[in-house]
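Any read-out appearing in this document is the output of simple, stated calculations on the displayed coordinates, not a laboratory observation. Here the structure is a predicted model, which is why all the values come from computation and not from measurement. Neighbour counts run over all protein chains shown; Cβ positions are idealised from the backbone, glycine included.
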Amino acid sequence: MKDKEKIRSFIRENYADVASKNNNSKEDCCSGSCCCGGRSNRDVSVKIGYLEEDISNSPSGANLGLGCGNPIAIAALKEGETVLDLGSGGGFDCFLVRNKVGDIGYVIGVDMTPEMIKLSRENLEKTGYANVEFRLGEIEHLPVADESVDVIISNCVINLSLDKQQVFNEAFRVLKSGGRISVSDIVATKRLPEEAKHDIKLIAGCIGGAEYVEDLRNMLLDAGFTDIRLAPKDNSEEIIKSWFPDMNIEEYVASYMIEALKGRRKPHDTEHRKCCDADSNCCC
């Protein structure tokens, strides 16, 4: 537990630094922290799948150049839906979601870093939106009511969690029946070397905590999700190489798009699990 708290504190301090540097900088320049590689925020966002139009229409200071994909592109958002963003940072994705769900929808961003919450709330003031809010909290213990959310999105954040099963359990709890999860994240495609898994800088850099793809699938199943789809991004190798150009880390991890539904099946349905283990096309 002591080591976990040390890692969690390091991650929190890392992203507090990102928020503070963004607040104090007049440049559209990525901090060089997780999921960035030191290029401009705009360039990073375009490379991982965002449109120039979306970037231009978001509040200045919201796009921190963090992420490994665009979860909104696969979320199929509808007007009037309630959407939760896990690890909302400066609020960039939340503001893009607000444009999709409209005036009658609702958007909640949750982040564990007070500096990020402060930044996102300042950015919110620039928009005048009344149906977006940012809450301080950990994604393992969401400050969100049971069965109150239609869609959960997240961009390169769940890999930072030290208890990913709990994150998926919480996601299942807050989703309405029939709700869905649409996530972009870093996933291990082969077992990471032990030294990488225990390197605190690689953990904070979205690599060391990457979960092996089949273990991730099983976590989603155990939480109760169905219709699970995990697929690597076409330019995943390019994205990962840009973060750590001299480490060949792209041999072990990839940027994945992750989708799942909260169906009617109860969590921990072992018969369903056996079915899925035996036949990848069955209910999964």
Checklist outcome for this item: Taking 0.36 nm per residue of separation between Glu125 and Glu251 and subtracting their Cα-Cα distance, the length gained on full extension comes to 41.1 nm
Checklist entry - Which one, (1) 0.97; (2) 0.94; (3) 1.04, gives Rg/Rh (Cα atoms, Kirkwood Rh) as derived from the coordinates shown? => result (2)
Checklist entry - Measuring from label point to label point, each 7 Å out along Cα→Cβ, what is the Lys190 to Phe244 span in nm? => result 1.4
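Just want to confirm a number: the relative contact order over segment 2-278, from Cα pairs under 8 angstrom separated by 6+ residues, in percent.
Relative CO of segment 2-278 lands at 17 percent.
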Checklist entry - So which of Lys126/Lys164; Lys4/Lys78; Lys164/Lys201; Lys4/Lys126 end up more than 27 Å apart by C-alpha? => result Lys126/Lys164; Lys4/Lys78; Lys4/Lys126
Checklist entry - Taking the chain as a Gaussian network, where each spring joins two C-alpha atoms under 10 Å apart, which residue of Ala76, Ala260, Ala188 fluctuates the most? => result Ala76
Checklist entry - To the nearest Å, what is the center-to-center distance of segment 206-245 and segment 116-194, using C-alpha atoms only? => result 15
Next on the checklist: If the only charges are +1 at each Lys and Arg Cβ and -1 at each Asp and Glu Cβ, what is the size of the charge dipole of the chain around the Cα centre, to the nearest 20 debye?
Outcome noted: 320
Next on the checklist: Residue by residue through segment 240-245, what is 3J(HN,Hα) from phi via Karplus (6.51 cos²θ - 1.76 cosθ + 1.60, θ = phi - 60°)? Round to whole Hz and write x for glycine and proline.
Outcome noted: 5, 4, 5, 7, 10, x
